[in-house]
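The values are calculated or read from the model by the stated rules, or taken from the named source; none is laboratory data. None of these values were measured; they are calculated from a predicted model. Here the Cβ is made from the backbone with ideal geometry for all residues, glycine too, and neighbour counts use every protein chain on show. Keep in mind that these areas ignore ligands, DNA and RNA; they rest on the heavy atoms of the full protein, side chains included. Shrake-Rupley method; radii C 1.70, N 1.55, O 1.52, S 1.80 Å.
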Amino acid sequence: MSKGLSIAKGALLLTGVNLFLRAVSTAFQVFLSNRLGAEGLGLLQLTLTVGYLAMTLGSAGVRVAAMYLTAQEYGRGRPGGVSRVVSCCLQYGLLVSTAVGLGFYFGADALASRWVQNACAADALRVMAAFLPATCLNSVMSGWCTACGRLGALVSVEIFERFSGIGLTMVLLRRAADTGAMCSAVMAGSSVSSLLSFLVLYALFCVQRRLTPPLRGLRVGRRLVRLCVPLAANDCLRAGLSSFEQFLIPRGLARHSACRSGLAAYGTIHGMVFPLIMLPASILYALSDLLVPELSRCAAGKRHKRIRYLTDRCFRLSSAFALAVAACFYAAGPALGALVYGSADAGYYIRLFAPMLLFLYLDAIVDGMLKGLGQQMHSVRYNTLTSFLDVVGLFFLLPRLGITGYLISFAVTHLINFFLSVRRLLVVTGYVPNFLPPKTAESG
């Protein structure tokens with residue numbers, strides 16, 4: 001971290017901001033659920049699933065690569081190397097995201113009719129595709145800020161992005177006459193705000209690049225490709241399987257006789273329940289983002305004692321936090337569903353998913369630590385395996401068991417992924433879990 005900004009202070013800053021922004025987003029999600037209804041929210045979620053797939057393909061692992069390589073150059077005391085790395089990542093991101101954006105733009109009608117199975121989503125997909133390069137490049141700048149400790153600038157821009165996106169979306173929604181136009185309004189608000197965020201961060205980077213010109217002779221291409229290829233393979237394959245999974249859910253639920261509307265049930269779970277139960281996870285996602293450059297620096301310096309210390313502290317604190325949050329959601333699930341969404345179904349699903357938060361929350365921390373330790377290839381294997389198992393499980397269980405089949409498939413595959421990831425982390429770090437209170441705190 002730059003100039004005395006410790007990982008603890010950075011975590012507190014990002015945690016506070018992420019919690020605030022997640023709370024704002026959850027409130028906005030409540031507004032959208034009232035405006036669109038359960039089925040309209042389901043259509044929006046399917047459209048956003050296609051958008052997520054496009055962004056994953058367009059980014060092709062460059063955000064984590066930018067964060068990892070920037071942290072390495074920053075830790076070696078080479079500011080010119082940082083400028084060189086970020087410039088190469090921007091060029092790579094622009095090339096890939098533009099190609100992907102063109103493909104999705106001209107294929108919007110086919111995607112809407114065949115994947116989403118609703119022609120109303122075509123305009124929203126075109127809006128997303130037009131702004132895809134800006135959205136992907138914005139993730140590169142976010143990785144640069146995180147790795148270099150420019151957290152103050154990053155959180156300020158993120159707050160601006162979130163509020164400008166919500167404000168623009170609400171203005172556009174007033175003119176939207178149907179569900180398709182509402183989906184386009186949501187996509188446009190998010191995309192334009194992402195473009196504005198990128199322009200601000202890029203201006204900051206240009207100022208820094210003038211002070212520390214890119215280091216000539218530094219070979220970044222091979223390092224970038226070696227990181228991006230496994231990351232892109234993992235992210236794209238997982239996003240593809242995840243997208244297929246998301247499209248299977250409403251279709252499978254609709255084929256089950258006990259489900260009134262597959263799209264409505266899908267909208268309730270993914271548009272209402274998940275945003276609420278994952279709100280407290282903002283704390284862990286903030287810490288996970290900071291662990292990537294921190295562990296990267298520790299691994300480069302062979303500070304194994306520090307790595308084991310961070311692993312121990314993260315496991316202890318994250319386990320206690322996940323247990324407390326899961327208990328609260330289980331106890332208050334029905335009341336929260338009625339209070340926040342006015343929906344008994346939402347409250348029922350909140351209680352069902354609450355026990356799963358124990359491993360969902362911890363997985364966020366484990367994923368960040370593995371990325372920081374350069375274990376991308378192992379994550380590729382685990383995510384590919386579990387995503388494939390998830391698709392197979394949904395294909396066979398949803399039509400027969402309905403929402404129960406979805407819960408079984410979700411729990412089993414995420415548990416397998418968590419077990420494999422934790423096992424790999426323990427092998428790499430040499431850490432042996434001990435849930436007794438530590439006698440001494442050793443940070444290395």
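Hey, among 169, 135, which residue is at pLDDT 90 or above, in a helix (DSSP H, G or I), open to solvent by less than 10 Å² (accessible area, probe 1.4 Å) and of a type in the set (Val, Ile, Thr)? Walk me through how you get there before you give the answer.
Values: 135 fails: open to solvent by less than 10 Å² (accessible area, probe 1.4 Å).
The unique qualifying residue is 169.
Inspect all residues belonging to segment 249-272 and state whether any of them is surrounded by fewer than 19 Cβ atoms within 10 Å (Cβ to Cβ), modelled with pLDDT of 70 or more, closer than 23 Å to residue 366 by Cβ and not β-branched (Val, Ile, Thr).
no
Look through 84, 35, 76, 63 and report the one residue that is modelled with pLDDT of 80 or more, more than 27 Å from residue 163 (Cβ to Cβ) and open to solvent by 40 Å² or more (accessible area, probe 1.4 Å).
Details: 35 fails: more than 27 Å from residue 163 (Cβ to Cβ); 76 fails: modelled with pLDDT of 80 or more; 63 fails: more than 27 Å from residue 163 (Cβ to Cβ).
The unique qualifying residue is 84.
Having 3 or more residues that are under 18 Å from residue 287 (Cα atoms) and in contact (Cβ under 8 Å) with a residue 40 or more places away in the chain is the bar; report the helices (runs of 4 or more DSSP H) wholly within segment 352-440 that clear it. I'd like the intermediate steps shown before the answer.
On the way: elements: 357-372, 376-401, 403-429.
In segment 352-440, 357-372, 403-429 are the helices (runs of 4 or more DSSP H) which contain 3 or more residues that are under 18 Å from residue 287 (Cα atoms) and in contact (Cβ under 8 Å) with a residue 40 or more places away in the chain.
Checking the conditions here, which among 94, 154, 69, 102 is in contact with a Cys (Cβ under 9 Å, 6 or more places away or on another chain) and open to solvent by 60 Å² or more (accessible area, probe 1.4 Å)? I'd like the intermediate steps shown before the answer.
On the way: 154 fails: open to solvent by 60 Å² or more (accessible area, probe 1.4 Å); 69 fails: open to solvent by 60 Å² or more (accessible area, probe 1.4 Å); 102 fails: in contact with a Cys (Cβ under 9 Å, 6 or more places away or on another chain).
Going through 94, 154, 69, 102 in turn, just one is in contact with a Cys (Cβ under 9 Å, 6 or more places away or on another chain) and open to solvent by 60 Å² or more (accessible area, probe 1.4 Å): 94.
Tally time: how many residues in segment 373-423 are crowded, with 19+ Cβ neighbours inside 10 Å, under 22 Å from the mean Cα position of the chain (by Cα) and of a type outside the set (A, V, I, L, M)?
So the answer is 16.
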